[in-house]
Amino acid sequence: MKLPRDVSGPELVKALRALGYAVDRQKGSHVRVTTRRNGEHHEAIPNHHPIKTGTLSGILKSVATHHGVSVEELIRLLEL
């Protein structure tokens, strides 16, 4: 499955709410989101439009690993 190419930072933050992530803080153009599901996990999301594909890939891999799913399943779950 290909990565979506037009995901913005605010869209990704909103989609991650489905997995229990909430905005923890913001510094400059980056938002840190945190979840306590399956243990605590933090992720920094750039507030850009669109997020570069390499950055998006890294974020999705980290989130997928934390939740024990594949990146493809995560993209379907988040409806990106």
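Derivation of every value follows stated rules applied to the coordinates shown; laboratory data play no part. Everything quoted here is computed from the prediction, not taken from an experiment. Note that we place each Cβ from the backbone using ideal geometry, even for glycine, and neighbour counts take in every protein chain shown.
For a distance above 20 Å, tell me the whole-number percent of Cα pairs in the chain that qualify. Provide the component values of the computation, followed by the final result.
Working: 684 of 3160 pairs.
Considering the chain, 22 percent of its Cα-Cα pairs are separated by more than 20 Å.
Going by Cα centres, the stretch 58-76 and the stretch 1-33 are how many Å apart?
That distance is 13 Å.
What is the stretch 9-78's relative contact order, in percent, from Cα pairs under 8 angstrom and six or more apart in sequence?
Working: 80 pairs, mean separation 17.4, N = 70.
Relative CO of the stretch 9-78 lands at 25 percent.
Mind checking the full-extension length gain between ARG36 and VAL71? Use 0.36 nm per residue of separation minus the Cα-Cα distance, one decimal, nm.
10.6 nm
Grab every C-alpha pair in the stretch 1-43, bin the distances at 10 angstrom width from 0 up to the longest one, and report whole percents.
Pairs per bin, as whole percents: 26, 50, 24, 1.
Rounded to the nearest 500, what is the 222 nm mean residue ellipticity of the chain from helices alone, with -39500 (n - 2.57) per DSSP H run of 4+ residues and division by all residues? Provide the component values of the computation, followed by the final result.
Numbers: 3 runs with 31 residues, N = 80.
When only DSSP H runs of four or more count, the value is -11500 deg cm²/dmol.
Using the Cα centre of the chain as origin and beta-carbon charges of +1 (Lys, Arg) and -1 (Asp, Glu), tell me which of HIS66, ILE51, LEU19 is placed farthest towards the positive end of the dipole.
Farthest towards the positive pole: ILE51.
Could you give the nm distance between label points at SER62 and LEU80, where each point is 7 Å from its Cα heading toward the beta carbon?
Here the answer is 1.2 nm between the modelled labels.
Out of residues 5 or more away from HIS48 or on other chains, whose amide H comes under 5 Å of its own, with H placed 1.01 Å from N in the peptide plane?
GLY9
Exactly which trypsin sites (Lys or Arg not before Pro) in the chain are in a DSSP loop and have at most 15 other Cβ atoms within 10 Å?
Values: sites: LYS2, ARG5, LYS14, ARG17, ARG25, LYS27, ARG32, ARG36, ARG37, LYS52, LYS61, ARG76; in loops: LYS2, ARG5, ARG36, ARG37, LYS52.
Sparse-neighbourhood loop trypsin sites (Lys or Arg not before Pro): LYS2, ARG5, ARG36, ARG37, LYS52.
In straight Cα distance, which lysines are under 22 Å from LYS61, not counting same-chain residues fewer than 8 positions off?
In chain and number order, the partners are LYS2, LYS14, LYS52.
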